[in-house]
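Any read-out appearing in this document is the output of simple, stated calculations on the displayed coordinates, not a laboratory observation. For clarity, every value in this text was computed on a predicted model and none was experimentally measured. Glycine also receives a Cβ, built like all others from the backbone with ideal geometry; neighbour counts cover every protein chain displayed.
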Amino acid sequence: MSRLPLHDLESAPESARPLLQQAAKSNGYLSNLLAVLASAPNALEAYLTLSQLNAKGTLSFEEREVVQLIAATTHGCTFCVAGHTAIARKKVRMPEERVAALRAGQTLDSSRLEQLASFTRAVIASRGRVDDATYAAFLEVGYTPAAALEVVLGVSLATLCNFANNVAQPPLNPELAEHAWERPA
């Protein structure tokens with residue numbers, strides 16, 4: 001059971017309703033993450049806006065999902081790991097071995113994506129104060145200074161939804177059940 005209300009189109013604050021309606025139409029269902037965020041319409045709007053901005057960067061869809069899955073597993077957000085696993089599998093069509101490695105915190109089969117994952121972990125662990133060697137390794141595989149900032153943007157987006165879900169503890173939507181994840185002990 002969720003600690004915070006799970007709003008629907010009728011119970012949500014008036015200013016959140018159009019945002020929920022559009023999201024439900026786009027996704028085919030109303031995510032419990034958005035149902036939680038609707039309690040604070042500004043948080044809901046921030047999440048949706050950051051999501052749109054994050055999609056406009058130079059990182060590919062797959063690279064953005066690597067960032068999201070690394071952040072979600074690092075933050076222990078079971079809801080977000082399930083949600084981003086669904087995206088990685090169904091929309092990105094990421095190889096299953098790569099998805100499994102991301103979920104398990106294992107080395108990725110692509111040196112470039114592994115460097116992105118390592119850089120993302122370092123950004124989170126150091127609160128952005130990555131050491132020179134980590135930053136240089138990120139650049140050496142072809143990422144740019146702009147991409148480093150896009151990782152920070154992706155981590156910012158993830159932090160909002162990971163922490164909101166960790167506080168609220170909403171149940172997984174049935175649409176995400178097959179992608180359920182538990183934090184390793």
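Where residues in segment 6-29 are of a type in the set (A, V, I, L, M) and part of a loop (DSSP other than H, G, I, E, B), which of them is surrounded by the fewest Cβ atoms within 10 Å (Cβ to Cβ)?
If we filter segment 6-29 for residues that are of a type in the set (A, V, I, L, M), which is where we start, we get 6, 9, 12, 16, 19-20, 23-24.
Within this subset, residues satisfying the condition of being part of a loop (DSSP other than H, G, I, E, B) are 6, 9, 12.
Numbers: L6: 20, L9: 14, A12: 24.
Among them, the one singled out is L9.
In segment 143-176, which residue that is part of a helix (DSSP H, G or I) and free of Cβ contacts under 8 Å to residues at least 40 places away in the same chain is farthest from the chain's Cα centre (by Cα)?
Just the residues of segment 143-176 that are part of a helix (DSSP H, G or I), to begin with: 145-168, 174-176.
After this cut, where a residue has to be free of Cβ contacts under 8 Å to residues at least 40 places away in the same chain as well, the list is 145, 148-149, 152, 174.
Working: P145: 21, A148: 17, L149: 16, V152: 12, P174: 19 Å.
Looking at the filtered set, the residue picked out is P145.
So for segment 172-180 (the condition being of a type in the set (D, E) and farther than 24 Å from A100 by Cα), does at least one residue qualify? Reasoning before the result, please.
Here is the first cut: in segment 172-180, the residues of a type in the set (D, E) are 175, 178.
From the residues that got through so far, the ones that are farther than 24 Å from A100 by Cα too are none.
Taking every residue of segment 172-180 in turn, none turns out to be of a type in the set (D, E) and farther than 24 Å from A100 by Cα.
Here is a list of conditions, (1) surrounded by fewer than 18 Cβ atoms within 10 Å (Cβ to Cβ); (2) free of Cβ contacts under 8 Å to residues at least 12 places away in the same chain, and A101 meets all of them except one; can you say which number that is?
Single failed check for A101: (1).
Evaluate the following for T134: is it in contact with a Phe, Trp or Tyr (Cβ under 7 Å, 6 or more places away or on another chain) and either over 18 Å from L34 (Cβ atoms) or in a helix (DSSP H, G or I) (or both)? Before you say what the answer is, go through the steps one by one.
Values: in contact with a Phe, Trp or Tyr (Cβ under 7 Å, 6 or more places away or on another chain): yes; either over 18 Å from L34 (Cβ atoms) or in a helix (DSSP H, G or I) (or both): yes.
It is true that T134 is in contact with a Phe, Trp or Tyr (Cβ under 7 Å, 6 or more places away or on another chain) and either over 18 Å from L34 (Cβ atoms) or in a helix (DSSP H, G or I) (or both).
Is it fair to say E114 is closer than 19 Å to F163 by Cα and of a type in the set (D, E)?
Numbers: closer than 19 Å to F163 by Cα: no; of a type in the set (D, E): yes.
Criteria not met by E114.
State which residue pairs qualify: first residue touching a residue at least 12 places away in the same chain (Cβ under 8 Å) and over 23 Å from L6 (Cβ atoms) and inside segment 58-85, second residue among the basic types (K, R) and part of a loop (DSSP other than H, G, I, E, B) in any location, beta carbons under 9 Å apart, and separation of 6 or more residues or different chains.
E62/R93; T73/R183
Which condition number in (1) surrounded by fewer than 16 Cβ atoms within 10 Å (Cβ to Cβ); (2) hydrophobic (A, V, I, L, M, F, W, C); (3) touching a Ser or Thr at 6+ places or on another chain (Cβ under 8 Å) is the one that A136 fails?
Among (1) surrounded by fewer than 16 Cβ atoms within 10 Å (Cβ to Cβ); (2) hydrophobic (A, V, I, L, M, F, W, C); (3) touching a Ser or Thr at 6+ places or on another chain (Cβ under 8 Å), A136 violates only (3).
Answer with yes or no whether A88 is outside any loop (DSSP other than H, G, I, E, B), touching a Lys or Arg at 6+ places or on another chain (Cβ under 9 Å) and without any contact (Cβ under 8 Å) to a residue 40 or more places away in the chain.
Details: outside any loop (DSSP other than H, G, I, E, B): yes; touching a Lys or Arg at 6+ places or on another chain (Cβ under 9 Å): yes; without any contact (Cβ under 8 Å) to a residue 40 or more places away in the chain: yes.
Yes.
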